[in-house]
């Protein structure tokens, strides 16, 4: 009944740097995104989460694996996808300062997708739809005549979101949509996103490094480490009963202000070391050099994602006991 | 949810445009010299346009000989003196001004579009066959010393203003290709270009509507500075006899003719030389101002 909107199967994206050496940014990622869901894809810098987003949306051609969007195989660059597929899947980038052309007005920016996708024929229709898009992100009509330089960061990001909504997509990918914004406007943008999700029956793939944000926004969370997913779970299970030692480490490192909040954390695992280079991925479990639980097996065999606790919770760890 | 104070100011398109212009003028006028440059450029252009009508002796710009009045010093009748066959220097300068400016405008009117279009195409389609062809051809033209190429072209073809312009145009466009190629090949990685690609915008739209407007500042600056350069090169070509042919006056051939009578009849050389300087210098000053003017677009 819940047909996945997006299915990613064993996706790999390697960037060759010299002969026989490649940055293995994404190295076998599989997940699915169900209709109406917000899936949070979380990871440190360098974990490959943005590369997943860019490959899914078609900025890169996958090295291996498949991207299946609404039952259609779209494992190729956007230039080779058909117009309908491009319109159905949209992306909002991290920095609206660079994703909006500084020399184009909001009107021109919003009209472009409308024209390409033939969604508005006459001049008045275009104007009407552009105003409507602004209204959806709760920006006033006057903003049509503004240039990006005349707006604040949060407002620019809202314009970028309005642009993504222009083609009435069913899936929107957000690549750290708030991390380039001032803290004061982050909440506003997030609230607007959640509202839009509810009202327009959208599915979101939400890329972020901010775990605590995901607690409030997403329905499921997937953790990426060095190009693979190491744990996927419903948001509640993820925060209350995480299984992967890496998840524990990330949860323990969320900054809190009171001891009371500190108590709420499932288990304290000190953060050790930094993410290794994706050129030189450790043998066995990718996380073992930083893992407090690592045993001999972890140095030898790479763990696969397997279900624990009833099947919706997936973990890739030898040491996670199925209970 | 959005705070009302942020939304309070109403800005229609006209209000915004006036605002932009006012800020542009402010940025431009912060540099006094560029305002001086602008004023002189406007004056020179005005003189070039009305020159033939206000010249005291318009007939002296054609085949004309009056030995009785030859070699006269600057006087009330001949402000800048007369040359060795009695022609009024001032009148001839006014006519020459026109062809000098015309040369600058026409050369750039052809070289800039060609260079800009080829540069944007090569920059955006980086790694394609089109890029390779465009950039290798550009390299070939850049490898030949500009002046030598212009001399070669102007001397193979009949020496006149049209061929001098042709020669300068041929050596000029590759610089614009290079400039725009560099800008475009870095702009193509900007996320706004990605976003346009992902929605399905055509290559034409991306090159000319997304990328090109962001290249305008350096292009405009270069055009202004190049006006001076083209006029200099034009004068140099006519100095060596490959531009406008006598009796039609050009600043270059007036200087070279007068040079034979230096230093006794200095006015034959000095006044046309000052005229060249008066064109070249203000365009350079103006170029600086235009660069400042566009720098405001970079503030985010």
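The values are calculated or read from the model by the stated rules, or taken from the named source; none is laboratory data. Since the structure is predicted, the reported quantities are computational estimates derived from the model, not experimental observations. Heads up, the Cβs are rebuilt from the backbone with ideal geometry, glycines too, and the neighbour counts pull from every protein chain shown.
Yes/no matrix, rows are residues, columns are (1) within 20 Å of residue B:201 (Cβ to Cβ); (2) touching a residue at least 60 places away in the same chain (Cβ under 8 Å):
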| position | (1), (2) |
| --- | --- |
| A:34 | no, yes |
| A:37 | no, yes |
| A:57 | yes, yes |
| A:68 | no, yes |
| A:88 | yes, yes |
| A:104 | yes, no |
| A:111 | yes, no |
| A:121 | yes, no |
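Looking across segment A:202-225, the residues that are surrounded by 22 or more Cβ atoms within 10 Å (Cβ to Cβ) and closer than 15 Å to residue A:249 by Cα come down to A:222, A:223, A:224, A:225. Of all the criteria given as (1) at pLDDT 90 or above; (2) surrounded by fewer than 19 Cβ atoms within 10 Å (Cβ to Cβ); (3) under 22 Å from the mean Cα position of the chain (by Cα), the one not satisfied by residue B:270 is (3).
When you scan segment A:173-189, do you find a residue that is surrounded by 17 or more Cβ atoms within 10 Å (Cβ to Cβ), touching a strand residue (DSSP E or B) at 6+ places or on another chain (Cβ under 6 Å), within 12 Å of chain B (Cβ to nearest Cβ) and not in a loop (DSSP other than H, G, I, E, B), even just one? Among the residues of segment A:173-189, at least one is surrounded by 17 or more Cβ atoms within 10 Å (Cβ to Cβ), touching a strand residue (DSSP E or B) at 6+ places or on another chain (Cβ under 6 Å), within 12 Å of chain B (Cβ to nearest Cβ) and not in a loop (DSSP other than H, G, I, E, B), which makes the answer yes. When segment B:160-203 is limited to residues that are farther than 30 Å from residue A:147 by Cα and surrounded by fewer than 17 Cβ atoms within 10 Å (Cβ to Cβ), the one that is nearest to the chain's Cα centre (by Cα) turns out to be B:162. In this structure, does residue A:99 turn out to be more than 10 Å from chain B (Cβ to nearest Cβ), in contact (Cβ under 8 Å) with a residue 40 or more places away in the chain and touching a helix residue (DSSP H, G or I) at 6+ places or on another chain (Cβ under 6 Å)? No, not satisfied.
Hey, can you tell me all the residues within segment A:106-142 that are at the interface with chain B (Cβ under 9 Å from one of its Cβ atoms), outside any loop (DSSP other than H, G, I, E, B) and within 24 Å of residue A:190 (Cβ to Cβ)? Residues satisfying the conditions are A:109, A:113.
Hey, any hits in segment A:71-90 for a residue that's surrounded by 17 or more Cβ atoms within 10 Å (Cβ to Cβ), over 26 Å from the mean Cα position of the chain (by Cα) and more than 30 Å from residue A:247 (Cβ to Cβ)? No; the residues of segment A:71-90 include none that is surrounded by 17 or more Cβ atoms within 10 Å (Cβ to Cβ), over 26 Å from the mean Cα position of the chain (by Cα) and more than 30 Å from residue A:247 (Cβ to Cβ). When residue A:20 is tested against (1) without any contact (Cβ under 8 Å) to a residue 24 or more places away in the chain; (2) on the phi > 0 side of the Ramachandran plot; (3) within 14 Å of another protein chain (Cβ to nearest Cβ), exactly one condition is not met: (3). Identification of helices (runs of 4 or more DSSP H) wholly contained in segment B:158-251 with 2 or more residues that are in contact with a strand residue (DSSP E or B) (Cβ under 9 Å, 6 or more places away or on another chain) yields B:191-199. Does at least one position in segment A:249-256 carry a residue that is outside any loop (DSSP other than H, G, I, E, B) and farther than 30 Å from residue A:276 by Cα? No: segment A:249-256 contains no residue that is outside any loop (DSSP other than H, G, I, E, B) and farther than 30 Å from residue A:276 by Cα.
In segment B:270-281, the condition of being more than 13 Å from chain A (Cβ to nearest Cβ), within 24 Å of residue A:60 (Cβ to Cβ) and in contact with a helix residue (DSSP H, G or I) (Cβ under 7 Å, 6 or more places away or on another chain) is met by no residue. Select from segment A:46-62 the residues that are assigned to a loop (DSSP other than H, G, I, E, B) and within 12 Å of chain B (Cβ to nearest Cβ) and write down the one among them that is nearest to residue A:26 (Cα to Cα). Per the stated criteria, the residue is A:60. None of B:227, B:220, B:232 is more than 10 Å from chain A (Cβ to nearest Cβ) and without any contact (Cβ under 8 Å) to a residue 60 or more places away in the chain except B:232.
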